[in-house]
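Structure below; questions to follow.
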Amino acid sequence: VSEHTGGRGRLCVVGIGPGDPAWCTPEVTQRLRDATDLVGYQTYLDLLPPRSPGQADQQVHVFDNREEAERARVALDLAASGRDVVVVSSGDPGVFAMATAVIEQLALAADVAGRTDERAGTGAWSEVDVDVLPGVTASLAASARVGAIMGHDHCLISLSDNLKPWAVIEQRLDAAARADFVIALYNPISRHRPWQLGRAIELVGTHRSPDTPVVVGHDVGRAAETVAILTLAALPEADVDMRTVVIIGSSTTRTFRYGDREWVYTPRSYPEPKV
Ligand SMILES: C[S@@+](CC[C@H](N)C(=O)[O-])C[C@H]1O[C@@H](n2cnc3c(N)ncnc32)[C@H](O)[C@@H]1O
């Protein structure tokens, strides 16, 4: 645990990658070791490597996954008191994860700074040394497992309508499919959102052929990893849950067998337009 207590606190938002410790950057690994306090959702804290004896004094603050803003405020308050705080996200912290929640709290603090109704704490946050350390996001990890399905223009869309209206998600799916992006779907399904993936497949299917390659990555980089290569037509029958990333190819994405492996890639070059 670092000497970083008292004086100016630090807050670092890290992404630990999808699960395999080998996919956690050395920079993130070091910051996790140095921290006086870890803040996170239990599932992500469980993915961390066992703590070394030097980390025995580390405080761990466990939160419910839905309490993102509260988690960010607690982390900022801890750092403002001089602690060396690490907020843990899976994958990359900037992809549907905690970096936004922390930076959003800073934006709110910046908005109220100077006003007479300034809330306690926001002034102190301006003294905190804040940084965000990148990680390997789930879709890129799944893409690497099969070759390079994300090898050309792509977009990432979360199907969760907890924080944005479903109508916006439909608009984006339609626009992305029309623009022929490879589309990676995060948060594809949950107990409270059972039908949204089916609707997303339907929408994309109006612009893509049924034999478009699809990659379904479940628990990528973890012990229970499975990565399946299928088609858009077969996707409704696939086993998809909240630990799954679904990647739908573009019109140029192709699969092939070579040796004993099946590969998927999206070429980077387009044929010259015919004149
Ligand atoms: C709240 S988002 C967090 C994404 C994370 N920040 C990232 O960059 O991968 C959670 C979603 O990410 C995807 N995901 C995260 N880790 C995964 C893994 N190891 N395998 C497959 N999908 C994963 C799933 O779609 C899941 O519902």
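The values are calculated or read from the model by the stated rules, or taken from the named source; none is laboratory data. On a predicted model such as this, the values are computed, not experimentally measured, just so you know. Positions of Cβ are backbone-derived with ideal geometry, glycine not excepted, and every protein chain shown enters the neighbour counts. Side chains are part of the model used for accessible areas, which takes the heavy atoms of the whole protein and leaves out ligands, DNA and RNA. Shrake-Rupley method; radii C 1.70, N 1.55, O 1.52, S 1.80 Å.
Tell me, in nm to one decimal, what length is gained between Ala224 and Asp180 on full extension, where the rule is 0.36 nm per residue of separation less the Cα-Cα distance?
Separation in residues times 0.36 nm, less the Cα-Cα distance, equals 12.7 nm.
Any idea which of Val216, Ile229, Ala200 is furthest toward the positive side of the dipole for region 172-231, if Lys and Arg beta-carbons carry +1 and Asp and Glu beta-carbons -1?
So the residue we want is Ala200.
Tell me whether region 129-263 comes out rounded, prolate or oblate; compute the Cα gyration tensor, take square roots of the eigenvalues as a ≥ b ≥ c, and use a/c under 1.5 as the rounded threshold.
Rounded, because the longest to shortest axis ratio a/c is under 1.5.
Let me spell out the model: positive unit charges on the Cβ of Lys and Arg, negative unit charges on the Cβ of Asp and Glu, origin at the Cα centre of region 157-275. What dipole size does that give, in debye rounded to 20?
Dipole of region 157-275, to the nearest 20 debye: 260 debye.
Here's another thing I want to ask about it. Given the Cα atoms of the chain, and with Rh set as the inverse mean 1/r over their pairs in the Kirkwood sense, what is Rg to Rh to two decimals?
We get a ratio of 1.03 for the chain.
Could you give the accessible area per residue of the chain, probe 1.4 Å, as a whole number in Å²?
It amounts to 51 Å² per residue over the chain.
Only Lys, Arg, Asp and Glu count, each charged at its Cβ (+1, +1, -1, -1), so figure out the dipole size of region 95-219 about its Cα centre, rounded to 20 debye.
Computed about the Cα centre, the dipole is about 480 debye.
Next up: Of the trypsin sites (Lys or Arg not before Pro) in region 1-110, which ones lie in a loop per DSSP and count no more than 16 other C-beta atoms within 10 Å?
Here the sparse-neighbourhood loop sites are Arg8, Arg51, Arg66.
Please arrange Thr43, Thr36, Thr29 by accessible surface area, largest first, computed with a 1.4 Å probe and ligands excluded.
Thr43, Thr29, Thr36
For Thr100, what is the net charge nearby, where nearby means another residue's Cβ is under 15 Å from its Cβ and Lys, Arg count +1, Asp, Glu -1?
Counting the neighbours of Thr100, the net charge comes to -2.
Using the charge dipole of the chain (Lys, Arg: +1 at Cβ; Asp, Glu: -1 at Cβ; taken about the Cα centre), state which of Pro271, Ala110, Ser52 has its Cα farthest towards the positive end.
Pro271
Only bridges whose two residues both fall in the chain count here: according to DSSP, what percent of them are antiparallel, nearest 5?
Percentage antiparallel, nearest 5: 45.
Specify whether the C-alpha gyration tensor of region 1-88 places it in the rounded, prolate or oblate class, a ≥ b ≥ c being the square roots of the eigenvalues: rounded for a/c under 1.5, otherwise prolate if a/b is larger than b/c and oblate if not.
Oblate, because a/c is 1.5 or more while a/b does not exceed b/c.
Next question, about the same structure. About its Cα centre, how strong a charge dipole does the chain have in debye, to the nearest 20, once Lys and Arg get +1 and Asp and Glu get -1 at the Cβ?
560 debye
How far is helix 98-112 tilted off the main Cα axis of the chain, in degrees rounded to 10, range 0 to 90?
Tilt relative to the chain: about 50 degrees.
Shifting gears a bit: Given the Cα-Cα distance of Thr252 and Asp20 and 0.36 nm per residue of separation, how much length would full extension add, in nm?
Contour length minus the Cα-Cα distance gives 80.5 nm.
If N is the number of residues in region 171-246, what value comes out of its Cα radius of gyration divided by 2.2 N^0.38 Å?
Normalised by 2.2 N^0.38 Å, the Cα Rg of region 171-246 equals 1.07.
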